[in-house]
1. Which percent of Cα-Cα pairs in segment 229-470 sits in each 5 Å bin, short to long?
2. Over segment 497-750, what is the percentage of antiparallel beta bridges among all DSSP beta bridges, to the nearest 5?
3. Quick one: which of 392-400, 612-620 comes out on top by average Cβ neighbours within 10 Å, and what's the full order, highest first?
4. What ranking of 350, 490 emerges when the number of other C-beta atoms within 10 Å of each C-beta is taken as an exposure proxy, fewest first?
5. What is the fewest-to-most order of 349, 457 by other Cβ atoms lying within 10 Å of their Cβ?
6. Near the amide H of residue 697, under 5 Å away, which other amide H atoms are found, from residues 5 or more places off or on another chain, if H is placed in the peptide plane?
7. Using Cβ counts within 10 Å as a stand-in for footprinting exposure, how do 501, 384 rank, fewest first?
8. Just the Cα atoms of segment 539-667, one point each, no solvent: what log10 I(q)/I(0) does Debye give at q = 0.18 Å⁻¹?
Amino acid sequence: MVHHIPVITASQAEMPIWVTRHCISGRVGIRKLGVRSGSHTPQIPTVLPAELPWHPNSIITEENEDNEPDENTELLATGSMKMSLYAKYFKMGGGACLLLMLVLSLIIGQSASSGSDYWVTFWTNQEQLRKQYANMNTLEDQPMNVLAWNTTPFPGSENTKLYNSSGISVYNTLTNMSSVPLAGDNQDAMTPLCPPGDLACISRRNYIPPVLFSTEVSLYIYSGCIVACVLLTLLRSIFFFKVCMNASIGLHDTMFRSILQGTMRFFDTNPSGRVLNRFSKDMGAIDELLPILMLEVIQIFLVMSGILTMVSIVNYMLIIPMLCVAPIYYKIRSIYLCTAQDIKRLEGVTRSPVFSHVSASFSGLTTIRASGAQEMLRKEFDSHQDLHTSAWYLTIATTIAFGFWLDCVSNVFVGCVTLSFLVFEEGILGADVGLAISQSLILSGMLQYGIRQTAEVVNQMTAVERVLEYTKIDKEQGINSESEKKVPVTWPSKGAIQFEHTSMSYSISDPPVLRDLNFVIEPAQKVGIVGRTGAGKSSLISALFRLAKLEGSIKIDQVDTQTVRLHDLRSRISIIPQEPVLFSASLRDNLDPFNNYQDDTLWNALEEVELKDSVESLSHKVNAGGTNFSAGQRQLVCLARAIVRNSKVLVLDEATANVDPQTDTLIQGTIRRKFADCTVLTIAHRLNTIMDSDRVLVMDAGTMVEFGRPYELLQNQGGYFYSMVQETGKSTAEQLYQIAQQTDIEATRSQKRNSSFLFLRLAGHVFELHRGLARRGVQSVSRIFRVRRLVIELVPCVDLPRVGCPSCRSGGQTFELVHKDVLQHSSYITMAKPLEYF
């Protein structure tokens, strides 16, 4: 856009005169005409004879008001301030190809914008030159008619006359070097530019017309520039927001993945509100505010670069005041950012307690209303909100103070430029003053706005910084690591668990919560874990799932769990927590999240827990947290999930603590029936749930103090387990003692009965029992037995290790020995093959 500054003559103050800044032979022409140059005007040379050369000494400045101002210095300062942060942001935005296309579209788009403005100036010059050349055609026959130019409209201004005073003419301009008074007073002539007798030299025969573009061609070129500018601007916007969208998605997914792989220590030390703050407020700033601010800053940088380039082409002297004020702006910006960044971080930190308080209040809304604690919670919320508001107020106050100082420097800068023209008035034209002041206002305004925007970009980049912080949290070791051992699909096949000198702490600085644990859990044993608060019961389960760093080893079926991939380890162990966890999805997704099982398997599991009649289909909607199910039904869904997985190791965190007695009985019975062949670890908060267990593990201060059968532990009246039972009350302690005694009696009978005879549904064969595999060079024949009726007598071989599931081979067929779960507790040779038939 081309701007003009009105100049008023001394004799006609009421009428503006639009003039250009071109002069004849330097500064003489304009001073002779008694006018001063305008601002932002196209440079139109006055038409002179070929013998009289002219040279432009003007500035072409275009300002595209559709673009935002910019300053490249501050943008570079912002980049150098924390370049790695910006590099990570744009690296997530796309590959090198996309970024290269973005940079090219930005540069070419701004070039098209600046080129279109420059072409308008060039086109205007062409049209004015063409009009002046047309007027020169009349000088060939009537050369003295130049005196009539005092009433000729100036090219480019159709409604105003160059002069309204009759005492001045172009004749004086051509014949005198000295100034001509506006009132027409005669002055002594100095060296004439063109002698009066030679005015006929201004003619078509002596004037060489320049080569001009036609108006039609100029219009086509300008239209092409406009179309190219629009298309390139649209293209660069598409590329830029594509990069920003990719960066936003990449940051969100990376942070989410990092949190999913984070250690449990992270969740113990970071409340949910703090995590929600990153995903809500910070990601909102990255999604909505940061791309717009960045695009404005880039546009400011490009427009500023275009203006400086045009200024340097036309009049490089105006760059000097720019370079003088830029360091002052930079210093103010540095001081502001030093404070604003910390305040912005403080504002983000004080916002997290607000989110945490709101989240906790929603979770415990029923309890809050039941206990009448609304007023107390409201005061706590007001306290958190006031703290956050104070930090937010500081953010606004620093921004206002920053703008105030920028305004002060800008006003001082413009005032100094204006004052300099008053001090150095000699030889300075009015157009120079207007041009300098207008350029100073435009450039200082751009610098001011650009600095504000770059500072705001830096402030919003704290959101990127906070998100990237969560991408660097400590991650659990061995998540799908290729260096970890890949276990067979059938592992674990037995469920034997062995702790060897196992110790665990949640962090390096914290004391160990488990200390030198050594015990063995046999396959299919039911083990209850008891202890007072802080004894280490939950930490024992955390160690089994590798939720923290361990010392020593935990072996499942002779495989060290620290050498197994974390995903494989946790997917092979089932857990039913005390608080059931259900997701907002279909019932099928809650039972089988990874779609590994058929619908029949899922329906059978629902039938086992008596939920089949309560749901219409597997696509039954489950609300967030399972609020459309009762507490007992939610626990039954978790039990059905464990039945579907059919893991050999099951962990129960007192799954029946918060359910009604009927559901408790159903869960206990289902566990005993469906998980009879599995190793079950039960964290007991009620002793009656583990008194019928095969073993009881008593924990205290992270160490194992007792481990054995419940009845045996109750015989030690000085033991921890005995004291815990006695603390329940006399009547309850007697009931618990009777349960333990009855369980011990049944276990003893079963062991005696199966230590002498094993029933086999086969008769009339003689078997040879083998120890291990004969091909390994081990003594193959151990005993020979004769089948008597339906009973085969096995002699104990205590020196032999226990091997898998016992079987009997006869006539090429394999027969399973009766009560194989009992056999696993005895030391018998368990491989047999027929020798002869009766």
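1. Taking every Cα pair in segment 229-470, the percentages come to 1, 5, 10, 12, 13, 12, 11, 9, 7, 6, 5, 3, 2, 2, 1, 0, 0, 0.
2. Numbers: 20 of 37 bridges.
Expressed as a percentage, antiparallel bridges in segment 497-750 total about 55.
3. 392-400, 612-620
4. Details: 350 18, 490 9.
Neighbour counts put them in this order, fewest first: 490, 350.
5. Starting with the residue having the fewest Cβ neighbours, the order is 349, 457.
6. It is 528, 529, 530, by chain and number.
7. Placing the least packed residue first, the sequence is 501, 384.
8. -1.01
Where a number appears in this text, it was derived from the coordinates with a stated rule and is not lab data. Bear in mind that the values here come from a model prediction, so they are computed numbers and not experimental data. Positions of Cβ are backbone-derived with ideal geometry, glycine not excepted, and every protein chain shown enters the neighbour counts.
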